[in-house]
Amino acid sequence: MENDPDILLVDDDDDLRHALRQGLELDDLVVADFKNPADALPSIRRDFAGAVVSDIRMPGIGGMEFMARVLEIDPAIPVILVTGHGDIQLAVDAMREGAYDFIPKPFSVQDLGAVSRRALEKRRLVLENRVLRSELDSVSGIAERIVGRSPAIARLRNEIELIAGADADVVVLGETGSGKEVVARALHDFSPRAAAPFVALNCAALPPDLFESELFGHEAGAFTGASSQRVGKLEHANGGTVFLDEIESMPLDLQAKLLRAIEDRAIERLGSNKSIPLDVRFVAATKTDLSEEADAGRFRADLYYRLNVVSLTIPPLRERREDIPLLFEHLARQARARYRRDIPDFTPELERQLLRHDWPGNVRELRNVADRWVLGLWNGFGNGSRTADEDFAGPLSERLAAFERAVIEAEIRRAGGRLKDVYQTLGISRKGLYDKMQKLGIAVNRTDE
């Protein structure tokens, strides 16, 4: 794939073919040209990374037959047909059969170059999507739950693998929507406790007057309305894992009772003096720094230190943008299963917006976008998102610089900072990329490997 030309050009007219090749090469496209379609076919493979430009009227194998053979190898290879005036209806029919586009004669090389670049962008996305799907198909274990390629996510997976089998209590720190419960469930499901209950309790969602009963249970008659015995969440989770989400919201008086239960590994139901042994692992999740909350007197320091045997931090999505395409594909697959819909093709505009968005809602927000994409309801981000016009406003020179900066930054994120991949993808030299980065004020940890 690395040595594939950008364009396979097929035309039996020597003068036109040479002129088109020269024009496309002046547009920084790598072209391989052929007079005979049969000579071009050996260059077509399923992993071919370029596009095909072919005349329709040729002796022997015509453009329509040639296109059919190309699409037999891979229906997603873009085929652009060059048509004479009398061939336009034929070209329209070819579009229905899978052609990417057609260009009627006479045309300018600039027009052909523009269409070719759009075709190459679509081909890049197709091949990238196949890699993502292949990567998702091949993963197993924790990598199926904690999806991503970034070093931060790889480190998080490794930490989960190291501590999942231990009984140490854990604090998971992450922003809203970052996947704290996913991490907690992975800790449970890949531990010896997996067959026992996983009990999740949102500390911010329960009224204070019900909290103690929910957590510890009660005996019949323990308080007004307690007509029968109730087993609390901690007792129900015996042998398994208790997930305390938004633990920073727990009232201080209940924090003291929770601390005693954690230290004693035993509880008493409300209205009872009987101690019930407790064999559970506690995983607490928070979006705030509990040590700072303890210093401010809003969280018990002794509870924080008792829970914080191990701490795991989930990076926000905006700090691991290289994970977004893979994670989006993963979430789109889940949406496909839920809604029984096909996943629409990944488009350049979708990719641009996904990579530029700041994701205040993190993975939860990305999941919503994936759901809307699969349902055919997504039409861009709503209020608060910049539009393309706002991104590229001002004089022409400033708009061009902004666009160039956006393209290079997106490629750097996609390549994980590997600049060799960036300048090869963009079709420029190493020095050319560095010069542009310096001119545009793009800072990055440079990795040439």
**OP:** With +1 on each Lys and Arg Cβ and -1 on each Asp and Glu Cβ, and nothing else charged, work out how big the dipole of the chain is about its Cα centre, in Debye to the nearest 20.
**Re:** 800
Subject >> Antiparallel bridges, percent of DSSP beta bridges restricted to the stretch 148-315 (to nearest 5) >> reply: 20
Subject >> Percent of Cα pairs exceeding the 20 Å cut-off, where the set is the stretch 319-440 >> reply: 51
Subject >> Around Arg341: net Lys/Arg minus Asp/Glu count, Cβ-Cβ under 12 Å >> reply: +3
**OP:** For the stretch 177-275, just list the percent of Cα-Cα distances falling in each 10 Å bin from zero outward, please.
**Re:** 15, 44, 33, 7, 0
Original post:
Considering only DSSP beta bridges with both partners in the chain, what is the antiparallel share in %, to the nearest 5?
Top reply: 10
**OP:** Mind pulling the angle between the C-alpha long axis of helix 362-375 and the longest principal axis of the chain? Nearest 10 degrees, somewhere in 0 to 90.
**Re:** 50
Subject >> Unsatisfied cross-links (Cα-Cα over 25 Å) in the set Lys257/Lys287; Lys122/Lys431; Lys35/Lys105; Lys233/Lys257; Lys105/Lys436; Lys180/Lys274 >> reply: Lys122/Lys431; Lys105/Lys436; Lys180/Lys274
**OP:** Find the Cα radius of gyration of the chain, compare it with 2.2 N^0.38 Å by division, and give the number to two decimals.
**Re:** 1.31
Original post:
How long is the stretch 139-192 along each principal axis, judged by its Cα atoms, biggest number first, in Å?
Top reply: 27, 26, 15
Original post:
Kirkwood hydrodynamic radius for the stretch 235-324: how many Å is it when counted over pairs of different Cα atoms?
Top reply: 14.8
Original post:
Using the C-alpha atoms of the stretch 328-383, what convex hull volume per residue, in cubic angstrom, is computed?
Top reply: 77
Original post:
From the phi of every residue in the stretch 241-251, what ³J(HN,Hα) in whole Hz does the Karplus formula 6.51 cos²θ - 1.76 cosθ + 1.60 yield, where θ is phi - 60° and glycine or proline is x?
Top reply: 10, 10, 9, 9, 7, 6, 5, 5, 8, 5, x
**OP:** Evaluate the Kirkwood expression for the hydrodynamic radius of the stretch 1-134, namely the inverse of the mean inverse distance over all pairs of different C-alpha atoms, and round to one decimal in Å.
**Re:** 14.7
Subject >> Relative contact order of the chain, defined on C-alpha pairs under 8 angstrom at six or more residues apart (%) >> reply: 12
Original post:
In Å, what is the Rg of the alpha-carbon atoms in the stretch 148-315, and how long is Dmax?
Top reply: 16.1, 55
**OP:** Show the residues, 5+ positions off or on another chain, whose built amide H is closer than 5 Å to the amide H of Val53.
**Re:** Leu8, Leu9, Val10, Ile80
**OP:** Counting other beta carbons within 10 Å of each Cβ, put Val53, Val82, Val92 in order, fewest first.
**Re:** Val92, Val82, Val53
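No value in this document is a laboratory result; all are computed from the given coordinates. Model, not experiment: these values are computed from the prediction. In this analysis, Cβ positions are derived from the backbone assuming ideal geometry, glycine residues included, and neighbour counts consider all displayed protein chains.
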